[in-house]
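Below you'll find the structure I mean.
The values are calculated or read from the model by the stated rules, or taken from the named source; none is laboratory data. Please read these numbers as outputs of a predicted model, since none were measured by experiment. FYI the Cβ positions are ideal-geometry reconstructions off the backbone, even for glycines, and counts take in every protein chain you see. What goes into the accessible areas is simple: the full protein's heavy atoms, side chains included, and nothing from ligands, DNA or RNA. Shrake-Rupley method; radii C 1.70, N 1.55, O 1.52, S 1.80 Å.
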Amino acid sequence: MPRTVPLRRLFLALLLSCAVLAGTTACGGGDDSGASSSSASPTGTSSAEAQKFAKTRFVTNAGLAAGATYQWVVKPYRAGKFKKGTDGRTFALVKAGLAGGFAYNRLKAATENAKGDPLLSKAVAPLTAGIASLKGLATKLRKGEAGAGDIGAFESVISSVKDAGKSAGAEVKDKVPSTSQLGG
């Protein structure tokens, strides 16, 4: 007796197959039409446009990191949501862990974006060690092991990045990402 496949599974398999196919053809590029191009330098945009986009991308990524940190790490910590016995503690810790990982990822992306603008790269370069120090903080937040010093370190790095952006003419404003953006 033949077994029927639900329509939802069939559609999902078709959709995933198309996504893989589109991804592999877009990443292909076996066409080396004469000129040798470096992947490090953008083509088709002037240096002024590249700098403008670098600042814009920096502001966006740093703003998302700042918004996520304030909304789901600093604010709940100050409200006492991370203390043992508090209602909703586990959920707050999971969101804080996700927000911490998200903020770390966006800060790393912001430092990469800053490399596209000479003034911004000089302002952000000293902050890379501070950003790297945040790497394990998301895990500490998720496990409920983060203390006032850890939260303070997060706030300090975020404010340093905001100040560096402001000094380079790229003012960073908090942008709170949605909960679905935190999960990736």
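Hey, residue 139 hits all of (1) assigned to a helix (DSSP H, G or I); (2) open to solvent by less than 10 Å² (accessible area, probe 1.4 Å) but one; which does it fall short on?
Every listed condition holds for residue 139 apart from (2).
Tally up the residues in segment 142-159 that are basic (Lys, Arg) and surrounded by 18 or more Cβ atoms within 10 Å (Cβ to Cβ), please.
Residues of segment 142-159 that are basic (Lys, Arg), as a first pass: 142-143.
This time we only want the ones that are surrounded by 18 or more Cβ atoms within 10 Å (Cβ to Cβ), so: 142.
Qualifying residue count, segment 142-159: 1.
Tell me the residue from 162, 83, 166 that is among the charged types (D, E, K, R), open to solvent by less than 70 Å² (accessible area, probe 1.4 Å) and farther than 13 Å from residue 68 by Cβ, please. Give the derivation first.
Working: 83 fails: open to solvent by less than 70 Å² (accessible area, probe 1.4 Å); 166 fails: open to solvent by less than 70 Å² (accessible area, probe 1.4 Å).
Among 162, 83, 166, only 162 is among the charged types (D, E, K, R), open to solvent by less than 70 Å² (accessible area, probe 1.4 Å) and farther than 13 Å from residue 68 by Cβ.
Please go through segment 102-116 and pick out each residue that is under 17 Å from residue 74 (Cβ atoms) and in contact (Cβ under 8 Å) with a residue 40 or more places away in the chain.
102, 103, 106, 107
Does segment 165-182 contain any residue that is of a type outside the set (Val, Ile, Thr), out of contact with any Gly (no Cβ under 9 Å at 6 or more places or on another chain), touching a residue at least 40 places away in the same chain (Cβ under 8 Å) and under 18 Å from residue 73 (Cβ atoms)?
Yes, because at least one residue in segment 165-182 is of a type outside the set (Val, Ile, Thr), out of contact with any Gly (no Cβ under 9 Å at 6 or more places or on another chain), touching a residue at least 40 places away in the same chain (Cβ under 8 Å) and under 18 Å from residue 73 (Cβ atoms).
Return the pairs, sorted by first residue and then second, in which the second residue is open to solvent by 30 Å² or more (accessible area, probe 1.4 Å) and not basic (Lys, Arg), the first residue lies in segment 117-140 and is farther than 12 Å from residue 101 by Cα, the beta carbons are less than 6 Å apart, and the residues are 6+ apart or on different chains.
Correct list of pairs: 117/51; 123/167; 127/160.
Among residues belonging to segment 142-177 that are of a type in the set (Lys, Arg) and in a helix (DSSP H, G or I), point out the one that is farthest from residue 111 (Cα to Cα).
Residues of segment 142-177 that are of a type in the set (Lys, Arg), as a first pass: 142-143, 162, 166, 173, 175.
Now drop any that are not in a helix (DSSP H, G or I), which leaves 142-143, 162, 166.
On the way: 142: 25, 143: 27, 162: 12, 166: 14 Å.
So, considering only residues that are of a type in the set (Lys, Arg) and in a helix (DSSP H, G or I), the one farthest from residue 111 (Cα to Cα) is 143.
Taking the residues in segment 86-119 that are more than 18 Å from the chain's Cα centre (by Cα) and open to solvent by less than 60 Å² (accessible area, probe 1.4 Å) as candidates, determine which candidate is farthest from residue 63 (Cα to Cα).
Taking segment 86-119 and keeping what is more than 18 Å from the chain's Cα centre (by Cα), we get 86-93, 117-119.
Next, from what is left, pick out any that are open to solvent by less than 60 Å² (accessible area, probe 1.4 Å): 86, 88-89, 92-93, 117.
Numbers: 86: 30, 88: 27, 89: 26, 92: 21, 93: 22, 117: 17 Å.
By that ranking, first place goes to 86.
From the list 128, 86, which residue is in a loop (DSSP other than H, G, I, E, B) and over 24 Å from residue 180 (Cβ atoms)? Break it down into steps so the answer makes sense when it comes.
Working: 128 fails: in a loop (DSSP other than H, G, I, E, B).
On inspection, the qualifying residue turns out to be 86.
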